[in-house]
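S.K.: Below you will find the structure I want to go over with you.
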Amino acid sequence: MWRGLWTLVSRAACGPGRPCTRRVSGVPGPAAGATIFALSSGQGRCGVAVIRTSGPASSQALRSLTTPRDLPLARSACLRLLSDPRSGEPLDRALVLWFPGPRSFTGEDCAEFHVHGGPAVVSGVLQALGRVPGLRPAEAGEFTRRAFAHGKLTLTEVEGLADLIHAETEAQRRQALRQLDGELGHLCRGWAETLTKALAHVEAYIDFAEDDNLEEGVLERADSQVQELEAALGAHLRDARRGQRLRSGAHVVVAGPPNAGKSSLVNLLSRKPVSIVSPEPGTTRDVLEIPVDLAGFPALLSDTAGLREGAGPVEQEGVRRARQRLEQADLILAVLDVSDLASPSSCSFLDTVIRPRSPNGSGQRLLLILNKSDLLVPGPLQWSGDLPPHVLLSCRTGEGLDSLLEALRKELAALCGDPAAGPPLLTRARHQHHLQGCLDALGHYTQAKDLALAAEALRVARGHLACLTGGGGTKEILDVIFRDFCVGK
């Protein structure tokens, strides 16, 4: 009676641990018999360069280039003389390592040559490997693609590896490591297992509804499991694109009236003279953008024209672009001259930009920076109105910079999420798409009047989770993901 239930449950993923070492169904694998090689370390002169191979001819490549010819112990470094397989000319004295499959990065036989990093040495070893029968140069991302095809990495772990290679800030590194460790994949496999059990209960009810031995409450349990999963998916989809901001950078716009110190602030935060600083109002007439590391978070920092009326046509175009950037910003750094808060330009900026935007809102965020604090006389601020929460700063002396960086860290953590805590973030639009598709399918399950349609909705939901981790990915999607890898990875 319960054969159908057991069959469905047994189709679940390999569990919360690492995926089983097996070829992923439906995923284009490496060409039969092809062995690839590439330089895996950076180009240029260096102390040590790493050249790796992957494929069935790796053992032949290792024997052809090394003296003595026997293979070294698996996963143990061994010092060998490398020679050209045709001429016998010595190339280098290097450390070599042998990784027999499936216990290797790609799941295939692999070899590594740790040679001296001079261009002539690297070129000589690569040319020698090209003369070994059955070897060809690797394409970009081909080593990682083979690891994915052999079930060594899920697709989300592959994306985590790519993000780790491209990480430029501390927050990006932490998030990429979490994804490489498989946290998102583990979560999705747990959800897939829940869907498998719910589908098994629905299928069992369809097949054995008239059997007196069928356990009561089968459909109720399936409904309960679906409701819990809907709540979990909804919580992840309400992350307001934090993971995507963490991966690509939050849009931070510096705005304020003329001569408030916007360009000085951009130069201070970017730690180089990006913007021209001048006492003449209206120096900045266009939007200047630069990627920066702000308190450990990635950001695209935009310097904008001073907001004022009555200037010439060129400056007015700059003002128009500045207002446009304000509407697109994730975080606005609103800069005012603290020594001239009562000026018409400061009051206008307060009324039109700062007060209408809530610094603690769930959407666009704002941080008020009162610059030129070195010009203040001791005592309270000479301002009769209410100011939003603010940071005092002197771009000239750097006083208040630590307080500003701490305030920026809190604001960007709210925008990008904390990569060291909480559930794994959704760092790509692809993640959002498949989780939304899964949630939509669960909605169809809830509304279905027919059990066959309800079961089909659960299968569609499982399919979206399979695509997210890689079980059902198309070649076009895989090509997009792997093309960002460098050759040799």
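The values are calculated or read from the model by the stated rules, or taken from the named source; none is laboratory data. Treat the numbers as computed from the prediction; the structure is a model and nothing was measured. Glycine gets a Cβ as well: all are built from the backbone with ideal geometry, and neighbour counts include every protein chain shown. With ligands, DNA and RNA removed, areas are computed over all heavy atoms of the protein, side chains included. Shrake-Rupley method; radii C 1.70, N 1.55, O 1.52, S 1.80 Å.
S.K.: Treat every Asp and Glu Cβ in the range 56-149 as -1 and every Lys and Arg Cβ as +1, leave all other atoms uncharged, and give the resulting dipole magnitude about the Cα centre to the nearest 20 debye.
M.R.: Working: 11 positive and 9 negative charges, 28 e Å.
In total the dipole reaches around 140 debye.
S.K.: Using the Karplus equation 6.51 cos²θ - 1.76 cosθ + 1.60 (θ = phi - 60°), what ³J(HN,Hα) coupling, rounded to whole Hz, does each residue of the range 40-45 give in order, writing x for Gly and Pro?
M.R.: 9, 8, x, 6, x, 5
S.K.: Continuing with the same structure: For SER343 and GLN127 in one chain, what is 0.36 nm times their gap in residues minus the Cα-Cα distance, to one decimal in nm?
M.R.: Gain on extension, SER343 to GLN127, equals 70.7 nm.
S.K.: In terms of the Cα gyration tensor, with a ≥ b ≥ c the square roots of its eigenvalues, is the range 144-264 rounded because a/c is under 1.5, prolate because a/b exceeds b/c, or oblate? Walk me through the numbers before you get to the answer.
M.R.: On the way: a/c = 5.55, a/b = 2.06, b/c = 2.69.
Oblate, because a/c is 1.5 or more while a/b does not exceed b/c.
S.K.: Which one of GLN127, LEU65, VAL50 has its Cα pushed farthest toward the positive end of the charge dipole of the range 32-188, where Lys and Arg give +1 and Asp and Glu give -1 at the Cβ?
M.R.: Projecting each Cα onto the dipole axis, the largest value belongs to LEU65.
S.K.: Could you give each residue of the range 416-431 its phi-based ³J(HN,Hα) in whole Hz, using Karplus coefficients 6.51, -1.76, 1.60 with θ = phi - 60°, and x for Gly or Pro?
M.R.: Values per residue, Gly and Pro as x: 9, x, 8, x, 9, 8, x, x, x, 7, 8, 8, 9, 4, 4, 4 Hz.
S.K.: Heavy-atom accessible area of HIS150 with all protein chains present, probe 1.4 Å, nearest 10 Å²?
M.R.: For HIS150, the solvent-accessible surface is approximately 30 Å².
S.K.: Among the lysines, select those whose C-alpha is under 22 Å from the C-alpha of LYS272, and discard any that sit fewer than 8 residues away in the same chain.
M.R.: The qualifying lysines are LYS262, LYS372.
S.K.: With a ≥ b ≥ c taken as the square roots of the eigenvalues of the C-alpha gyration tensor of the range 222-271, please select rounded if a/c is under 1.5 and otherwise prolate if a/b is larger than b/c or oblate if it is not?
M.R.: On the way: a/c = 8.30, a/b = 3.94, b/c = 2.11.
Prolate.
S.K.: Now for a separate question. Check the straight Cα-Cα distances from LYS152 and name the lysines below 23 Å, setting aside those fewer than 8 residues away within the same chain.
M.R.: Straight-line reach from LYS152, under 23 Å: LYS475, LYS489.
S.K.: Rounded to the nearest 20 Debye, what is the dipole magnitude of the range 84-220 about its Cα centre when Lys and Arg each give +1 and Asp and Glu each give -1 at the C-beta?
M.R.: Details: 13 positive and 24 negative charges, 279 e Å.
The calculation lands at about 1340 debye.
S.K.: Please list, in order along the range 177-186, the HN-Hα scalar couplings obtained from phi with the Karplus expression 6.51 cos²θ - 1.76 cosθ + 1.60 (θ = phi - 60°), rounded to whole Hz, x for Gly and Pro.
M.R.: Rounded to whole hertz, the list is 5, 4, 6, 5, 6, x, 4, 5, x, 4.
S.K.: Contour minus end-to-end for CYS78 and LEU164, with contour as 0.36 nm per residue of separation and end-to-end as the Cα-Cα distance? Before the final figure, lay out the partial values.
M.R.: Working: separation 86, 0.36 × 86 = 30.96 nm, distance 2.91 nm.
Contour length minus the Cα-Cα distance gives 28.0 nm.
S.K.: Then there's this: What FRET efficiency comes out for the pair ARG45/ARG221, r = Cβ-Cβ distance, R0 = 51 Å, nearest 0.05?
M.R.: Details: r = 64 Å, r/R0 = 1.26.
Efficiency for this residue pair is about 0.20.
S.K.: In Å, what is the Rg of the alpha-carbon atoms in the range 77-117, and how long is Dmax?
M.R.: Calculated on Cα positions, Rg and Dmax stand at 12.1, 33 Å.
S.K.: Pull out a ≥ b ≥ c, the square roots of the eigenvalues of the alpha-carbon gyration tensor of the range 95-159, then state rounded if a/c is under 1.5, prolate if not and a/b is larger than b/c, and oblate in the remaining case. Working shown, then result.
M.R.: Numbers: a/c = 2.02, a/b = 1.88, b/c = 1.07.
In terms of gyration-tensor shape, prolate.
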